[in-house]
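The values are calculated or read from the model by the stated rules, or taken from the named source; none is laboratory data. All of these numbers come straight from a predicted model, not from anything done at the bench. Because the Cβ atoms are built from the backbone with ideal geometry, glycine has one as well, and the counts that use them run over all protein chains shown. Areas reflect the complete protein model, heavy atoms only, side chains present, ligands, DNA and RNA absent. Shrake-Rupley method; radii C 1.70, N 1.55, O 1.52, S 1.80 Å.
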Amino acid sequence: MGRVEALRLILLYAHLIGFALLLGGAIAQYLTGKIRINPAMLWGSVIQLVTGIGLSAPLRDGAEPAPAKLVTKLVLALLIFVMVFFSRKRAEVNRGHFLAIVGLTLLNAAVAVFWR
Ligand code: HEM
């Protein structure tokens with residue numbers, strides 16, 4: 001395995017951990033009945049942006065994802081980050097706002113898996 005491939009796999013591994021933090025953190029929080037942003041969601045949303053941008057670099061000998069797919073994922077991830085970051089200090093957030101974060105996270109994962 002070459003260095004570039006090792007880097008891509010490390011980024012992808014971190015990207016999946018970020019996804020788990022964001023989605024898992026949100027679902028665990030929702031099940032407590034206290035609808036608020038927690039640190040797992042905040043860190044997950046940051047990790048997704050950083051590792052996603054890293055994964056968008058030409059790391060695959062020309063088999064890179066389509067630019068439209070990357071732009072779609074970036075816009076969705078920025079929206080999630082803004083919704084998480086600017087409501088992180090609130091004691092309680094609107095249920096619709098919270099479920100929209102979960103929905104956009106699931107949508108971004110679906111874009112990653114099904115947009116081939
Ligand atoms: C909340 C935000 C995000 C979620 C939930 C998410 C989810 C995922 C998941 C589940 C995968 C693995 C798919 C698979 O291996 O088939 C993936 C891969 C990928 N994501 Fe994201 N992602 C997010 C943000 C981003 C952003 C912002 C970018 C780029 C700007 C990005 C770029 C990529 C790329 C390039 C891959 C493919 C990696 C590879 O196989 O080389 N992601 N994403």
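Brief remarks on what is shown
- Pairwise FRET efficiency - ARG95 versus VAL50, Cβ, R0 = 35 Å, nearest 0.05: 0.75
- Residue-normalised accessible area of the chain, expressed per residue, 1.4 Å probe, Å²: 60
- For the chain, the 222 nm mean residue ellipticity estimated from helices alone, with every DSSP H stretch of n ≥ 4 adding -39500 (n - 2.57) and the total spread over all residues, rounds to -26000 deg cm²/dmol.
- Taken about its Cα centre, the chain carries a charge dipole of about 300 debye when Lys and Arg each add +1 at the Cβ and Asp and Glu each add -1 at the Cβ.
- Two-site label geometry, ALA28 and LEU79: point separation in nm, points 7 Å out along Cα→Cβ: 2.7
- Accessible-area composition of the chain, carbon plus sulfur, in percent [1.4 Å probe]: 73
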